[in-house]
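Below: one structure, written as structure tokens.
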Amino acid sequence: QEQLVESGGGLVQAGGSLRLSCTASRRTFSSSTMGWFRQAPGRERETVAAITSRGYSTLYADSVKGRFTISRDNAKNTVYLSLNSLKLEDTAVYYCAAGTGWGPPVFTSWGQGTQVTVSS
């Protein structure tokens, strides 16, 4: 099981940007499908983005398409989520996850989350 640690969250004004990072503990990161999820209070967990093990394919929630970008650097065991043009409704705890497969992936390892708060 992967150990995943997220960083980069914080408080940002609407229209601003953040970049989240998630670093994995093991070499198996390079063979894992990676995803970002978010959960706001009182809401269901939502898939934000996912990326295949070698980064050839990505998917995004419609709500973030064109604003967020998922990427990975397997040499650094790190996956990133760039959040641009942030909106108030993007406020949530963002979680990194590792898994296998595609269409859909199955995620089995989860980070503890990092808070993103968007203010007006």
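Modelled label positions at Ser7 and Lys65, each set 7 Å beyond Cα in the direction of Cβ, lie 3.3 nm from each other.
Of the GluC sites (Glu not before Pro) found in segment 33-120, those in coil by DSSP whose Cβ has at most 13 other Cβ atoms within 10 Å are Glu44.
If packing is taken as the average count of other Cβ atoms within 10 Å, what order do 101-108, 66-73 fall into, highest mean first? Walk me through the numbers on the way to the answer.
Values: 101-108: 13.4, 66-73: 16.6.
The densest-packed peptide leads the list: 66-73, 101-108.
Charge dipole of the chain (Cα centre as origin; +1 on each Lys and Arg Cβ, -1 on each Asp and Glu Cβ, all else neutral): 260 debye, rounded to the nearest 20. Taking θ as phi - 60° and the Karplus parameters 6.51, -1.76 and 1.60, the scalar couplings of segment 103-119 work out to x, x, x, 10, 9, 10, 10, 9, x, 7, x, 9, 7, 10, 10, 10, 10 Hz in sequence order, x denoting glycine and proline.
Over the chain, Cα pairs under 8 Å with separation of 6+ residues give a relative contact order of 36 percent.
Any read-out appearing in this document is the output of simple, stated calculations on the displayed coordinates, not a laboratory observation. Just so it is clear, the structure is predicted and the values come from calculations on it, not from any experiment. Ideal geometry is used to build each Cβ from the backbone, glycine not excepted, and the neighbour counts take in all protein chains shown.
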